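Below: the structure, in C-alpha cells.
Each reported figure results from applying straightforward, stated rules to the coordinates on display, with no laboratory input. Keep in mind that this is a model prediction, so the values were computed, not measured. No Cβ is skipped: glycine too gets one built from the backbone with ideal geometry, and neighbour counts run over all protein chains shown.
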Amino acid sequence: MPITAPGPLSLVPFVSVQHMMQLVLEIGIPRLLAEMASYIEEDFRRWKAFDKTPRVAAHSAEGVIELMPTSDGVTYGFKYVNGHPKNIREGRQTVTAFGVLANVGNGYPLLLSEMTLLTALRTAATSALAARHLAPPNPRTMAIIGNGAQCEFQALAFQAICGVDTIRLYDIDPAATRKAAANLSDSGLSVVACRSAEEAVETAEIITTCTADKQYATILTDNMVGSGVHLNAVGGDCPGKTELHRDILLRSDIFVEYTPQTRIEGEIQQLDPDHHVTELWKVIEGSAPGRRDATQVTLFDSVGFATEDFSALRYIRDRIAGTTHFQALDLLADPDEPRDLYGMLRRAAA
C-alpha cells in the first residue's frame, strides 16, 4: 500500500525515555535540577496567569491514574500519571507518566514527552526550591525516610540548590537504603545509612519523607521532630495516604502548592478544612512570610501540581531546541485540504 509522507504540520517533537536520559546526562543532573527549579520558580511568580484545578483522578484499590492540566493562556499542558505501589512486586515502576504541551491558539501539540524521569526530577527540584524559602539558613544535613525511586533525586536537588552535604537514609527495606547509598557514592555527599527513622532524623535540619504505600501511615511521630526543622513531605499524594502524625501538623507552619488539591490529597487531609495554610507562590513572590525564626517548624506539604509539570515541560522544550534529543513524531493528520480528511485516506490507498 502506498505510504504518503507526513505533511508539514504532522510532526510533533517527541522526547523518549532514551532521549531524556541523554539530555539529562549531557546537561548534568545538578545543573539541570537548578535550571528546572528556576523555571518552576518563574511560573510560581506568575501564578495568577494559570488556570488551576485539582487533578482529575481515577482511584482504585490498587492505585490511582490522574490527569493534571493547566494553561497560562498561551500554552496548555497536561500530564498523565499513575501511582500503583504494588507494581514494585511485579517488576514495574510505582509511578509512570507522560506529558504534552500545546498551542492554545490553534490546539496543536508542541511537545510530547516521557515524564517518568521528568517527574522525579521536577518533584525534587520543587522540594529543594521550597526548602530554599522555608528551611533554616545554610542547612547541611537532611534525613530521607523512604529510599525508593525518588530518593536520589531529592538528595541531589538539595545538594545543588540548598547546599546540603550530608544525607541520612532510612527505609524499612534495607535493600532500598543500600541501593540509594551506592547510587550516591560518587555524588560528593556524605551518606549515612541508618537503622531506624529515629536515628535518621538525628542532627537533621531537613527531614524528607517519600514513602509509597497507599495508606494512612505514621512515618514521623511528634517526638521525632525538634524545633527549627523543615519537613518536606513528598509521599502523601492522594486521599487516604499520609506520612506524618497529626500532632506534627498542628505545631507546624504549613505551606502547600494549591490548597483545594492539597486538602484532598496532602497531609492536611487530617486537619479541619479551614485550618490555615499558606500557598508557596505567595512566599516566592514576597506577599506572605516563609521562615520567620530559628524555632519555627515549617512543613512543605507537597503533592505535586500541574504548573510544576508545565514548567518542566517548558524547560525540556527549550533545552531540546537545536539538539538530536527528540524525534519528529508523525502524530497529526495534515491533509492537503483541511476539510478533506477522507480524501487524504483515499489518496494513501491509491
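Values as computed for the structure displayed
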read-out	value
Cα-based reach from K86 at 24 Å (exclusive), listing lysines while leaving out same-chain residues under 8 positions away	K179, K214, K241
Residue exposure sequence - L341, L121 - by fewest surrounding Cβ within 10 Å	L341, L121
Candidate lysines - alpha carbon under 21 Å from K48, same-chain residues fewer than 8 apart omitted	K79, K282
Note, ³J(HN,Hα) from phi for region 248-259, Karplus 6.51, -1.76, 1.60, rounded to Hz, x at Gly and Pro	5, 4, 5, 10, 10, 8, 9, 10, 9, 7, 10, 3
Loop sites in region 230-279: trypsin sites (Lys or Arg not before Pro), DSSP, at most 16 other Cβ within 10 Å	R251
Cα-projected label distance for A182 with A350, points at 7 Å along beta-carbon direction, nm	6.1 nm
Cα-based helix-to-principal-axis angle, 17-27 vs the chain, degrees rounded to 10	60 degrees
Counted charge near P13, where neighbours are those whose Cβ lies closer than 15 Å (Asp, Glu -1; Lys, Arg +1)	0
Order of L117, L11 under a 10 Å beta carbon neighbour criterion, fewest first	L11, L117
Charge dipole (debye, nearest 20) of the chain; +1 at Cβ of Lys and Arg, -1 at Cβ of Asp and Glu	340 debye
R0 of 41 Å, Cβ-Cβ distance D272-L341: FRET efficiency to nearest 0.05	0.15
Estimated FRET transfer efficiency (A321, R45; beta-carbon r; R0 22 Å; 0.05)	0.40
With Cα atoms, 0 to 90° folded angle of helix 151-162 axis to the chain main axis	80 degrees
The chain: angle of helix 29-45 to the longest principal axis, Cα-based, in degrees nearest 10	90 degrees
D_trans [Stokes-Einstein, Kirkwood Rh over alpha-carbon pairs] for region 306-350, 20 °C, 1.002 mPa s, µm² s⁻¹	157 µm²/s
Full-stretch length increase - T295, H59 - with 0.36 nm per residue and alpha-carbon distance subtracted	81.1 nm
Relative contact order (percent, whole number), the chain, Cα cutoff 8 Å, 6+ residue spacing	22 percent
FRET efficiency estimate (nearest 0.05) - Cβ-Cβ, Y108 to V17, R0 22 angstrom	0.35
Extension gain (nm, one decimal) between R246 and S38, 0.36 nm per residue minus Cα-Cα	71.6 nm
